[in-house]
1. Considering the stretch A:100-116 alone, what residues qualify as being surrounded by 11 or more Cβ atoms within 10 Å (Cβ to Cβ) and over 15 Å from A:VAL69 (Cα atoms)?
2. Show me the strands (runs of 3 or more DSSP E) found entirely inside the stretch B:77-179 where at least 1 residues are open to solvent by 20 Å² or more (accessible area, probe 1.4 Å), touching a Gly at 6+ places or on another chain (Cβ under 7 Å) and within 30 Å of B:ALA210 (Cα to Cα).
3. Under 9 Å between Cβ atoms, which residue pairs at least 6 apart in sequence (or on different chains) link something in the stretch A:81-95 that is without any contact (Cβ under 8 Å) to a residue 24 or more places away in the chain with a partner that is outside any loop (DSSP other than H, G, I, E, B) and loosely packed, with under 14 Cβ neighbours inside 10 Å?
4. Could you name every one of the strands (runs of 3 or more DSSP E) located completely within the stretch B:241-354 that has at least 2 residues being in contact with a helix residue (DSSP H, G or I) (Cβ under 9 Å, 6 or more places away or on another chain), free of Cβ contacts under 8 Å to residues at least 40 places away in the same chain and not hydroxyl-bearing (Ser, Thr, Tyr)?
5. Can B:LEU230 be described as surrounded by 19 or more Cβ atoms within 10 Å (Cβ to Cβ), touching a residue at least 40 places away in the same chain (Cβ under 8 Å), in a helix (DSSP H, G or I) and not charged (D, E, K, R)?
6. So which residues in the stretch A:154-177 are within 11 Å of chain B (Cβ to nearest Cβ) and over 16 Å from the mean Cα position of the chain (by Cα), if there are any at all?
7. In the stretch B:304-313, which residues are within 13 Å of chain A (Cβ to nearest Cβ) and not hydrophobic (A, V, I, L, M, F, W, C)?
8. For the stretch A:329-367, which positions are within 14 Å of chain B (Cβ to nearest Cβ), in contact (Cβ under 8 Å) with a residue 24 or more places away in the chain and not in a strand (DSSP E or B)?
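The values are calculated or read from the model by the stated rules, or taken from the named source; none is laboratory data. Bear in mind that the values here come from a model prediction, so they are computed numbers and not experimental data. Quick reminder, even Gly has a Cβ in these numbers, built from the backbone with ideal geometry, and neighbours come from all protein chains shown. Ligands, DNA and RNA are stripped out before the accessible areas are found, and what is left, the full protein with its side chains, is counted by its heavy atoms. Shrake-Rupley method; radii C 1.70, N 1.55, O 1.52, S 1.80 Å.
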Amino acid sequence: MKFSAPREDLLKLLQAVVGVVERRSTMPILSNVLLKVAGGKLSVTATDLEVELVADAPVDVEASGETTVPGRKLHDICRLLPDGTRVTATLSGNRMVIKGGRGRYTLATLSAGDFPVVDEMATRQTLQMPQQALQGLLQRTQFSMAQQDVRYYLNGLLLEAGTDGLQGLRAVATDGHRLALSEVGLSETPEAHRVIVPRKGILELNRLLHPEGDVLMMIGESHLRVEFDGLRMTSTLIDGQFPDYTRVIPLDPPNSVIADREQLHHALQRAAVLANDKLRGVRLELGENSAVIHANNPEQEEAVETVEVEYGGAELEIGFNVNYLLDALQHIEGDNVQVGLRDGDSSCLITGQGDSSTQYVVMPMRL
Amino acid sequence: MQEAWPRVIAHADMDAFYASVEQLDDPGLRGQPLLVGPRSDRGVVLTASYEARPFGVGSAMPMTRARRLCPQAVVVPPRFERYKAVSKRVMRVFADFSPAVEALSLDEAFLDMTGTGHIFGPPETFGARLKNAISEATGGLSASVGISATKYVAKVASGYSKPDGLTIVPPERAKQWLAPQPVAMLWGAGPKTQRRLAALGLATIGDVAAADRRWLASKLGKAGSHFHELAQAKDPRPVARSRTAKSIGSERTLASDVKSETEIAFQLRRAADAVGRRLRRNGYVARGVRVKLKRSDFRSLTRQRGLAEPTDVSEDLYRMAVALLPEFNDAGPFRLIGIAAYELDRRTEARQLHLGMGEGSRQQRLDAVLDQADERFGPGAVHRAGDLIRQSPIGPEVDLDFLLDDGD
């Protein structure tokens with residue numbers, strides 16, 4: 001196996017996949033990337049057994065072949081070589097020799113046959129959509145995914161399409177304290193599918209998507225595959241039952257606040273400076289056309305912000321983890337935001353005014 | 001005169017600390033009988049203000065009883081974050097006076113003042129300066145200070161004239177000064193030991209000092225010799241640099257090594273129950289869970305992981321422990337199984353509510369019921385049905401708590 005390519009081309013491939021290369025693993029080969037050279041192309045594969053990433057690009061091929069080399073090391077060498085360097089890689093016995101400029105690097109290899117790859121998956125449904133739409137969907141929901149929760153089915157994002165009357169693709173994430181739901185339209189109505197994609201796959205996907213071009217999404221029995229820009233991500237699916245999230249979205253909360261999204265966002269950001277570092281609690285007092293935000297910390301420092309809002313409901317006092325509110329306000333689109341409340345112990349529903357394509361449900365905090 | 005003391009040890013104890021902080025922050029509470037504790041009927045008084053004490057109310061008393069004794073008392077729920085912040089200032093004052101400070105809790109510490117006479121003056125002068133500095137740093141809180149040559153006598157001395165007291169007991173008078181104090185003042189003598197001492201006809205520390213050491217040891221075991229030493233005002237323990245609360249754990253050596261997953265899970269369940277109970281009893285929540293397994297070749301293995309949110313719920317600890325098992329990648333057999341909860345925080349009244357997709361609140365109610373049964377009927381009164389058909393461990397439960405109110 002022998003090929004050569006500009007350092008920039010190699011670096012781009014390696015940067016795309018290096019996120020899933022394991023730093024410490026009980027399986028040494030997972031620290032490696034699989035290099036396959038054939039048909040004028042180099043493809044690079046990395047996996048952590050949960051998420052597999054494959055990137056390919058044309059290179060000058062002198063001899064086809066395949067092997068695996070330490071992923072992070074190859075990535076770092078390419079990253080640190082000067083711009084415009086032409087890199088040549090040659091497999092020689094069980095070593096791979098990388099030459100670039102006046103440098104020469106000899107890397108250890110492991111057999112390509114031992115590298116775990118996802119076998120061809122049976123696709124049940126293929127969806128096509130603009131990359132931008134998918135990325136927007138992920139960005140508006142991914143921050144609500146649980147992290148290392150024992151309720152393993154929450155450590156990922158629910159993707160749902162074609163279920164009762166749903167026109168587009170819906171993403172739902174929840175950590176048990178708050179929930180994010182967002183939808184994007186699809187050109188055709190697909191069959192019904194509900195899959196949970198693990199956290200790692202979602203974070204990698206969001207990192208790799210670009211605002212231009214389309215993306216193909218293939219839903220299989222136990223995998224989800226996404227192809228775009230010469231990249232292919234295949235993620236295992238979480239085998240579990242996502243909770244019935246429709247139950248926790250409040251229907252017609254009786255008290256509704258309309259606020260300028262940016263104003264409310266900034267006022268909360270400022271008040272958050274004096275909120276308790278760990279608890280992050282803020283208190284909201286709603287009165288006629290005004291919302292007063294209170295925050296304080298154990299040092300007895302205090303912040304009070306008054307925001308003009310449209311509100312004609314009952315006087316209400318409610319506490320929140322300010323980070324949950326900030327996350328929601330940051331990702332809602334449009335100038336005005338609508339916050340629906342019942343009382344100080346019930347969940348609130350945050351949406352753009354007159355737009356329910358993205359919804360955030362936040363449970364209050366008893367302060 | 002100070003030069004004649006072999007060591008100079010001060011014990012400083014904030015007066016009715018939680019209650020005093022509340023009265024400091026809210027002038028409306030000053031001069032009023034005040035109970036710091038949960039507003040609900042469950043739970044106990046954490047601190048009673050001095051105004052409430054003449055009614056017979058004291059800390060650790062069940063809330064219902066305290067309110068019956070002193071119905072006019074104002075009940076304020078604890079704000080541990082705030083107490084911790086004030087405590088930090090107090091501890092900083094201590095650190096200004098001595099490099100060797102051993103904090104026993106948020107409001108109490110030993111200071112080793114040996115050899116500082118030329119800087120801070122004789123004990124009388126130093127004690128007054130310490131009290132002033134505390135008052136200044138906190139905006140008016142008082143402390144009681146005891147000074148002697150041993151930790152034990154210093155501690156008894158600080159409790160001698162509370163509040164706002166300063167008691168100095170020179171080493172040559174220590175034994176004589178201790179003699180009339182009741183045996184309840186013996187460090188480590190709980191109600192049970194006190195009853196046993198009374199049954200032996202020992203009412204005062206002087207009685208204990210005069211008793212024969214071997215006779216005491218034959219009646220009380222090792223504790224007997226220990227009390228005899230204390231009663232002679234002998235206490236060689238040094239002032240230790242403060243430890244902080246790091247973890248609460250429970251582990252057991254099993255009667256026979258276990259291998260099966262159900263057996264291991266069952267032991268984890270028992271450990272999680274014990275750890276959860278101790279967290280709740282001490283008012284802590286944990287941010288992480290560690291599992292310890294000891295193989296039959298005595299090699300210890302541990303795996304740990306942070307929790308999504310701090311908890312004191314036994315079920316949460318158990319579930320995390322079970323989730324950690326595959327990470328051991330070891331089939332056993334194991335001779336010891338244990339769980340520790342680490343990164344402890346004070347439980348606060350503030351609470352993030354749940355969306356209600358899980359059964360979090362149900363588990364909390366279950367814990368509360370089990371804890372009550374435990375308190376009322378003694379440990380082991382309630383068993384999970386699964387326990388009854390399993391083997392029991394041989395080794396006594398090892399209490400891994402090195403629990404103190406921490407200062408981070």
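1. Selection gives A:GLY100, A:GLY101, A:GLY103.
2. Qualifying strands (runs of 3 or more DSSP E): B:166-168.
3. Note: pairs meeting the criteria are A:SER92/A:THR106; A:ASN94/A:ALA108; A:ARG95/A:THR106; A:ARG95/A:ALA108.
4. Strands (runs of 3 or more DSSP E) meeting the threshold: B:300-311.
5. yes
6. Residues satisfying the conditions are A:GLY176, A:HIS177.
7. Within the stretch B:304-313, B:GLN304, B:ARG305, B:GLY306, B:GLU309, B:PRO310, B:THR311 qualify.
8. A:ARG342, A:ASP343, A:GLY344, A:SER346, A:SER347, A:MET363, A:PRO364, A:LEU367
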